[in-house]
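S.K.: Have a look at this one.
Just so it is clear, none of the values below were taken in a lab; they were calculated from the coordinates. Being a predicted model, the structure only gives us computed values, none of them experimental. Cβ sites come from the backbone with ideal geometry, for glycine too, and all protein chains shown count toward neighbours.
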Amino acid sequence: EQADEQLVLAEKALLKVRVTRFGEPVAGATVKLQQSSQDDFQLYGGFGETSAETDGDGWASLPPVDAGDYEVVARATPQSPPTTKEVHLGPGPRETALPLATGELSGVVIGPSGPVANARVHLAEGPQGEGTQQQGVVMMSVAFGGDGDDEPAIETVDFMPGQTTLNTANDGSFRFRDVPAGLWYVRVDAPGFSRKNSADVDLAEGARVDLGLIELSGAGVLRGKIIGLPEPDPDSFSMNLLRLQDEEGQQVKFQVVNKDGKYRFEDVKPGTYQLQIDAGGELRTSDPVTVTAGPPTEFDFQL
């Protein structure tokens with residue numbers, strides 16, 4: 001029986017695959033082997049798994065299969081986009097390299113006083129503008145600050161598809177890994193700063209793109225309460241529309257105020273503004289209020 005098994009095994013193809021990312025081995029990646037045609041193929045013994053996981057050096061040893069044409073599919077994590085390579089396998093052992101086709105986006109977020117830590121960076125797919133609300137399905141790596149003068153350590157964090165947001169490290173840096181080729185940009189939000197989008201980036205397969213410095217400008221928060229709102233008429237539909245206007249009277253932001261009268265405008269550029277509200281069919285305008293960057297500016301509007 002052992003001799004028969006050896007004879008059968010000698011006719012099988014034995015494939016080892018090394019998965020790399022930018023020339024470095026990828027540990028824990030999933031590698032699958034599938035036949036190029038729609039026909040089924042037999043593993044040695046007629047059963048078993050068609051996949052394997054890479055070791056610390058990036059190598060994965062796949063089960064024996066019949067000789068023929070196949071596709072090798074590798075993923076850095078189960079949620080990562082796949083990389084595919086066609087191979088022709090003859091009897092006996094064979095080794096092949098499979099560089100991941102996904103790319104990497106990185107950058108540094110800074111403000112007027114230097115790097116901005118813990119800023120929220122969201123990776124978005126497609127060109128900027130109206131109607132581009134798609135979320136990329138990617139994996140991410142987060143740069144965590146080290147101790148003292150140590151360089152920040154890069155640690156890969158697994159995210160479910162669609163969760164394409166991370167925080168910047170202490171030095172303001174961020175990095176997205178295993179990003180599919182395509183058009184991307186990042187949106188940055190941080191308390192005390194205005195929201196900022198990067199330029200659109202056309203990421204090629206297996207490419208690294210450094211977005212460079214993303215500079216944020218200071219922004220404030222205006223919050224308070226509208227005092228003296230009229231009681232709503234139960235027999236008619238009405239709403240209290242609150243507008244934030246700049247010194248030229250141009251509308252900057254608006255929101256609908258609930259019956260409790262509380263309001264909050266975020267990401268407000270420092271400057272002088274007025275509140276205007278249509279309450280009970282009458283238009284009211286507040287005194288000027290100056291908003292500064294940093295802690296929220298409190299302002300109650302007495303009607």
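S.K.: For the range 158-221, what is Rg from Cα atoms divided by 2.2 N^0.38 Å, rounded to two decimals? Let's see the in-between values first.
M.R.: Working: Rg = 13.1 Å, N = 64, 2.2 N^0.38 = 10.7 Å.
Computed over Cα atoms of the range 158-221, the ratio equals 1.22.
S.K.: Quick one: which residues, 5+ away or cross-chain, put their amide H under 5 Å from the amide H of Asn240? H built at 1.01 Å from N.
M.R.: Val257
S.K.: Read phi for every residue in the range 192-205 and hand back ³J(HN,Hα) as whole Hz from Karplus 6.51 cos²θ - 1.76 cosθ + 1.60, θ = phi - 60°, with x for Gly and Pro.
M.R.: Values per residue, Gly and Pro as x: x, 9, 6, 5, 9, 9, 7, 6, 5, 10, 8, 8, 8, 4 Hz.
S.K.: Sequence-distant or interchain residues sharing an amide H contact under 5 Å with Leu211, placed H: which?
M.R.: Excluding prolines and chain starts, which carry no amide H, the hits are Ser106, Gly107.
S.K.: Something else: Can you list the lysines whose alpha carbon is less than 24 Å from that of Lys85, not counting same-chain residues fewer than 8 positions off?
M.R.: Lys12, Lys16, Lys32
S.K.: Right, here's the next one. In the range 218-289, which chymotrypsin sites (Phe, Trp or Tyr not before Pro) are in a loop and have at most 15 other Cβ atoms within 10 Å, using DSSP for the loop call?
M.R.: Numbers: sites: Phe237, Phe254, Tyr263, Phe265, Tyr273; in loops: Phe237.
Those satisfying the criteria are Phe237.
S.K.: Determine, for each peptide in 92-104, 176-188, the mean count of other beta carbons within 10 angstrom over its residues, then list the peptides with the highest first.
M.R.: 176-188, 92-104
S.K.: Taking 21 Å as the cut-off for C-alpha to C-alpha distance, list the pairs among Lys196/Lys259; Lys196/Lys253; Lys196/Lys262 that go past it. Walk me through the intermediate numbers first.
M.R.: Values: Lys196/Lys259 33 Å; Lys196/Lys253 17 Å; Lys196/Lys262 27 Å.
Correct reply: Lys196/Lys259; Lys196/Lys262.
S.K.: Roughly how compact is the range 181-254, stated as its Cα Rg over 2.2 N^0.38 Å to two decimals? Don't skip to the end; give the middle numbers.
M.R.: Details: Rg = 20.8 Å, N = 74, 2.2 N^0.38 = 11.3 Å.
Normalised Cα radius of gyration, the range 181-254: 1.85.
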